[in-house]
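These notes are about the structure you will find just below.
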Amino acid sequence: MAEEESQSEEFEQIDFLRDRHVRFFQRTLQVLPERYASLETTRLTIIFFALSGLDVLDALDVVDRNVMIEWIYSLQVLPTEEQSNLSRCGFRGSSHIGIPYSTKGPGVLHPYDSGHVAMTYTGLCSLLILGDDLSRVNKQACLAGLRALQLEDGSFYAVPEGSENDIRFIYCAASICYMLDDWSGMDIQKAIEYIRGSLSYDSGFGQGAGRESHGGWTYCAIASLCLMGRLEEALSRQELDRIRRWCIMRQQTGFHGRPNKPVDTCYSFWVGATLELLDVFQYTNFDKNRSFILSTQDRLVGGFSKWPDSHPDPLHAYLGLCGLSLIGEPSLRKVHAALNITQRAFQHLQQLQQTWRDSTVSCSRQH
Amino acid sequence: QHGRVKIKSTAQQEEEKRKEREKKLKVYVAARDACFSKRKEGIMDDEALQLTQQLLSSNPDFATLWNYRREILMHMETVKDEDQVQKIYETELSFLESCLKVNPKSYGSWHQRGWVSARLPRPDWARELSLCDRCLSLDDRNFHCWDYRRMVVKMSGVPVDQELGFTDRLIGSNFSNYSSWHYRSTLLPLLHPESPEPPSPSREPPRSSPPPSPPTQSHRVCEEQLLKEYELVQNAFFTDPNDQSAWFYYRWLLGRAEREEMISCVYVSREVERVAVACSRPVNAQSVGLLLVLDGQPQRVEWRSVHPQLKHSPVWICDLPPGTISDVVNEHNLTVHWTEKHTHRDCALYTGRSESWCRDSATDQELFRSELSVEKTSVLQSELQSCNQLQELEPLNKWCLLTIILLMRALDPLGYEKETLAHFRTLKEVDSMRSAYYSDLCSRFMIENTILKMEYAEVRVFSISDKNLTTLCHLDQLLLVTHINVSCNQLQQLPPHFAMLQCLEVLEADNNSIEDLEGLHHLPKLEEVLLKNNKISTLADLQPLASCPKLKRLDLRGNPVAGTANLEVELAQLLPSVMHLLL
């Protein structure tokens with residue numbers, strides 16, 4: 001108990017500049033600097049960081065929800081009249097391919113237009129955060145698009161034309177199935193095999209078999225298993241204990257992603273959330289974690305950067321906030337550790353899923 | 001989004017930059033549009049390659065363009081001869097090298113290089129390995145490069161011992177090379193695999209059924225090679241004891257393959273006509289095929305978890321039809337099958353006995369030694385000696401302390417108890433950031449030692465008071481316990497897992513901070529509950545006790561709830577079996 005009191009005294013000393021962060025995300029939603037051009041194809045993920053960041057800050061009132069929702073729906077790759085492109089459905093990252101703007105179907109066939117698994121994931125999250133009821137999401141098309149991305153070894157491509165395949169996209173797939181409340185989008189057993197195969201000799205997870213352990217991939221592994229409800233089935237108690245130990249050792253002040261690497265703000269979430277899902281986050285040092293995250297706070301433009309004295313960016317700004325939320329920063333909303341949206345957005349999802357289930361029941365009663 | 005350091009610039013510099021950016025943007029948009037219109041018309045020529053090249057130089061993560069480029073290259077394979085194709089791909093490799101110089105961490109560029117290397121008519125693997133060497137010399141932690149190197153090695157058939165030699169050189173020049181140690185961990189078991197262990201008696205021959213969860217890094221290393229590796233690793237951590245690379249590798253070397261799964265205990269009670277089963281890991285009884293056979297007859301029983309909140313649990317119980325085993329004159333033979341793992345356990349219920357059990361104790365299973373290898377004791381002793389030597393030189397080194405604790409628990413958990421506690425105290429000072437974690441670990445070890453002592457004494461009494469415990473664990477090992485004393489600790493709850501104590505008769509939990517009694521759920525033999533000086537605050541908190549039919553004595557003195565008006569009357573209604581109540 002005494003420890004908590006002295007911690008809250010120190011909390012006062014480093015101030016958290018809420019309003020700057022709100023303005024940082026507002027600017028992110030309006031215009032991005034030129035150096036972000038290379039991220040054009042993944043613009044929806046940046047929008048997600050800004051929206052979810054504003055949600056964590058309880059500042060979504062600065063967003064024009066309807067405009068945002070329409071824009072996100074314009075990124076949905078919908079089935080054509082003949083349903084010839086179901087395996088390519090999902091959400092795109094942005095309009096960079098040049099498909100004409102439209103928020104309704106039928107879809108237009110273009111040889112290079114397809115969903116991207118991380119865009120479908122962040123697209124659905126963003127809609128939920130904005131309070132949308134997902135009624136315009138073509139769920140069956142999204143799930144068909146998802147099934148087309150899974151390989152024999154259980155991992156996923158990002159796009160149906162092919163790309164690298166690894167554990168990151170398993171996480172995206174699991175989140176999509178979880179949100180749509182429909183696991184027909186993936187072969188869970190194969191995915192679990194791939195995840196288990198990625199467990200390294202030091203009990204961290206790599207991107208795939210034989211690859212080096214990393215805080216980000218460890219999050220993808222554990223969060224996926226939690227979303228699937230298979231954590232204790234897939235991993236033994238000894239394995240879970242060793243994973244906890246590898247993760248706890250990532251704290252230096254803040255957290256790093258791999259041994260002998262510098263600490264980086266985003267790992268306060270990737271590793272912090274993993275520890276939370278494994279029930280041992282309470283054993284980390286909150287004070288040092290908070291001090292580090294706030295040392296990367298940009299006092300002028302807002303946001304957080306990966307290291308002190310670097311430029312802030314939306315990813316680190318968002319994950320820095322999530323890292324602070326995990327340790328209970330007073331002005332921030334709580335974050336759902338596995339799904340990486342606020343508990344508030346998560347509750348909205350739960351209510352939606354209840355109405356979907358209720359309407360299936362009443363439908364079947366009528367027949 | 002990689003870290004970029006802030007640099008100040010003048011207004012003029014800003015304006016120049018702005019003009020350049022506008023120019024770049026115009027060029028980009030024109031090139032993109034030209035690209036897509038070509039693609040639309042199905043044109044796959046050199047100009048198309050040029051256009052995609054321009055765009056990819058500035059944006060190597062435009063996946064769609066790489067795909068288009070691959071289409072063009074594949075088309076060229078069909079219309080040009082082998083020499084031309086070789087030349088085209090070599091040009092591609094040069095282009096990729098320039099991309100990688102700009103961004104050595106681009107998924108798109110590395111993926112493309114891998115794709116090209118696989119298709120090149122006459123690949124130059126030496127060149128690829130040399131590229132990797134150069135890249136790693138700039139950043140030895142670039143996992144894209146390491147992954148690519150692994151692919152090259154695989155495709156070109158570089159022998160494993162050559163790669164092992166490569167890691168020797170890297171580690172030799174710099175012990176602090178985590179990626180090299182990692183790579184070594186994947187190579188070693190390939191070169192020196194452990195011979196498989198002989199099967200155990202309780203395991204049935206496997207039938208053709210779905211395989212159990214696939215192993216992870218269970219590729220073990222043969223003993224001769226292990227000893228050499230110990231030497232290598234010791235050199236590393238004696239040279240730089242603060243570098244964690246060698247310690248994690250050492251931990252892995254000392255580590256053990258997973259224990260085989262089994263039913264660790266079957267308990268049967270005539271009185272309650274109930275069977276309780278403890279498995280070696282949490283399961284869902286329905287999905288793993290738990291089957292009860294009584295006197296040769298399979299029984300139709302419903303397995304239930306000890307608590308509704310526990311869908312996954314190591315302990316499962318079922319009730320037998322009334323009269324099946326209640327007659328004390330009859331002997332019965334039970335077998336419980338864990339069909340998914342092809343294992344079973346028998347239990348004989350003898351004439352005149354009201355209960356029976358069959359178990360492999362924690363001691364038998366070496367449960368609490370499972371961290372470390374089945375290596376000969378002499379090997380572990382000599383490793384402990386080395387670590388102790390280092391500890392004298394580096395008394396504040398946390399890795400050393402942790403490893404010593406580990407080795408001690410592998411050799412003799414009870415014998416080294418005092419030293420282990422002393423080392424934990426030092427560890428909490430030396431690595432104070434993680435002191436809460438070490439406290440939890442220490443509590444866990446103390447609980448384990450108490451279990452071992454209890455088994456050694458062959459009693460069913462578990463006593464662990466005044467040990468600063470904040471949580472309880474290994475409750476599945478306490479299935480047979482009749483008396484438990486956890487008084488004078490810092491427990492806040494008796495969680496659902498506590499219901500695994502199916503034989504419990506007496507609970508002493510005075511002087512804790514308990515608010516929550518969820519775990520006292522349908523405990524059939526529980527008679528006495530002592531909860532003096534805890535934090536039970538409402539009548540509702542006492543609700544779970546109503547499910548324990550034999551409860552006779554209850555001590556609630558020093559709890560906020562004791563001040564509730566009319567409490568005695570309420571409790572008389574809620575808990576009619578209680579004869580002795582202390583408020």
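A few points about this structure:
- Matching residues, segment B:472-492, being within 10 Å of B:A509 (Cβ to Cβ) and either among the β-branched types (V, I, T) or touching an Asp or Glu at 6+ places or on another chain (Cβ under 9 Å) (or both): B:I484, B:N485, B:V486, B:S487, B:C488, B:N489
- Segment B:231-247, subset closer than 16 Å to B:T167 by Cβ and more than 14 Å from every other protein chain (Cβ to nearest Cβ), residue surrounded by the most Cβ atoms within 10 Å (Cβ to Cβ): B:L232
- Verdict on B:T64 being assigned by the TED database to the domain that holds B:R127, in a helix (DSSP H, G or I) and in contact with a His (Cβ under 9 Å, 6 or more places away or on another chain): yes
- Search result, residues across segment B:105-153 that are outside any helix (DSSP H, G or I) and either under 17 Å from A:G210 (Cβ atoms) or within 14 Å of chain A (Cβ to nearest Cβ) (or both): B:K105, B:S106, B:D139, B:D140, B:R141, B:N142
- A search for C-beta distances below 9 Å between a residue of segment A:144-157 that is at negative phi and any residue that is among the charged types (D, E, K, R) and assigned to a loop (DSSP other than H, G, I, E, B), counting only pairs 6+ apart in sequence or on different chains, returns A:R147/A:D187; A:Q150/A:D187; A:Y157/A:E164.
- Verdict on B:L551 being assigned to a loop (DSSP other than H, G, I, E, B), more than 38 Å from the chain's Cα centre (by Cα), outside the structural domain of B:H307 (by the TED database) and crowded, with 17+ Cβ neighbours inside 10 Å: yes
- A:L54 falls short on exactly one of the conditions (1) in a helix (DSSP H, G or I); (2) within 12 Å of chain B (Cβ to nearest Cβ); (3) free of Cβ contacts under 8 Å to residues at least 60 places away in the same chain; (4) within 18 Å of A:A317 (Cα to Cα), and that condition is (2).
- Criterion violated by B:V152 - all others in (1) out of contact with any Gly (no Cβ under 8 Å at 6 or more places or on another chain); (2) within 25 Å of B:E223 (Cα to Cα) satisfied: (2)
- Residue in segment B:508-529 that is in contact with a Leu (Cβ under 8 Å, 6 or more places away or on another chain) and part of a helix (DSSP H, G or I) present: no
- Enumeration of residues in segment B:244-271 that are within 18 Å of the chain's Cα centre (by Cα) and not hydrophobic (A, V, I, L, M, F, W, C): B:Y249, B:Y250, B:R251, B:G255, B:R256, B:E258, B:R259, B:E260, B:E261
- Matching entry among A:M186, A:M179 (being closer than 23 Å to A:I341 by Cα, in contact with a strand residue (DSSP E or B) (Cβ under 7 Å, 6 or more places away or on another chain) and among the hydrophobic types (A, V, I, L, M, F, W, C)): A:M186
- Qualifying residue in segment B:418-430 (condition: in a loop (DSSP other than H, G, I, E, B) and either among the basic types (K, R) or out of contact with any helix residue (DSSP H, G or I) (no Cβ under 8 Å at 6 or more places or on another chain) (or both)): no
- Breaking point among (1) over 19 Å from B:P544 (Cβ atoms); (2) more than 14 Å from every other protein chain (Cβ to nearest Cβ); (3) in a helix (DSSP H, G or I), for B:F462: (3)
- For segment A:221-232, the condition holds for at least one residue, the condition being that it is hydroxyl-bearing (S, T, Y) and more than 9 Å from chain B (Cβ to nearest Cβ).
- Sole residue being at pLDDT below 95, assigned to a loop (DSSP other than H, G, I, E, B), over 25 Å from the mean Cα position of the chain (by Cα) and surrounded by 16 or more Cβ atoms within 10 Å (Cβ to Cβ), chosen from B:V301, B:V329: B:V301
- Restricted to segment B:368-385, and to residues there that are surrounded by 18 or more Cβ atoms within 10 Å (Cβ to Cβ) and in a helix (DSSP H, G or I), the residue that is modelled with the lowest pLDDT is B:R369.
- Counted residues, segment B:41-61 - those being part of a helix (DSSP H, G or I) and more than 8 Å from chain A (Cβ to nearest Cβ): 12
- If you filter segment A:90-139 down to residues that are surrounded by fewer than 17 Cβ atoms within 10 Å (Cβ to Cβ), more than 14 Å from chain B (Cβ to nearest Cβ) and without any contact (Cβ under 8 Å) to a residue 40 or more places away in the chain, you find that the one that is nearest to the chain's Cα centre (by Cα) is A:S135.
- Every test in (1) surrounded by 11 or more Cβ atoms within 10 Å (Cβ to Cβ); (2) facing chain A (nearest Cβ under 10 Å) is passed by B:M76 save one, and that test is (2).
- Checked against the criterion of being touching a helix residue (DSSP H, G or I) at 6+ places or on another chain (Cβ under 9 Å), of a type outside the set (A, V, I, L, M, F, W, C), over 26 Å from A:L146 (Cα atoms) and assigned to a helix (DSSP H, G or I), segment A:245-260 contains one or more residues that satisfy it.
- In the set (1) under 24 Å from A:D166 (Cα atoms); (2) touching an Asp or Glu at 6+ places or on another chain (Cβ under 7 Å), B:A63 fails one condition alone, (2).
- Qualifying residue in segment B:274-284 (condition: among the basic types (K, R), touching a residue at least 12 places away in the same chain (Cβ under 8 Å) and more than 13 Å from every other protein chain (Cβ to nearest Cβ)): yes
- Residue in segment A:56-71 that is among the acidic types (D, E), modelled with pLDDT of 85 or more, within 21 Å of A:V137 (Cα to Cα) and surrounded by fewer than 18 Cβ atoms within 10 Å (Cβ to Cβ) present: yes
- Positions within segment A:248-263 being surrounded by fewer than 23 Cβ atoms within 10 Å (Cβ to Cβ) and farther than 16 Å from A:S213 by Cα, in sequence order: A:Q252, A:T253
- Members of segment B:19-35 found to be over 14 Å from A:A37 (Cβ atoms) and at the interface with chain A (Cβ under 9 Å from one of its Cβ atoms), listed by number: B:D33
- Selection status of B:W247, modelled with pLDDT of 90 or more and assigned to a helix (DSSP H, G or I): yes
- Segment A:78-89, subset outside any loop (DSSP other than H, G, I, E, B) and not hydroxyl-bearing (S, T, Y), residue farthest from the other protein chains (Cβ to nearest Cβ): A:L86
The values are calculated or read from the model by the stated rules, or taken from the named source; none is laboratory data. Predicted model only: the values in this text are computed from it and were never measured. Note: ideal-geometry Cβ built from the backbone for every residue, glycine included; neighbour counts use all protein chains shown.
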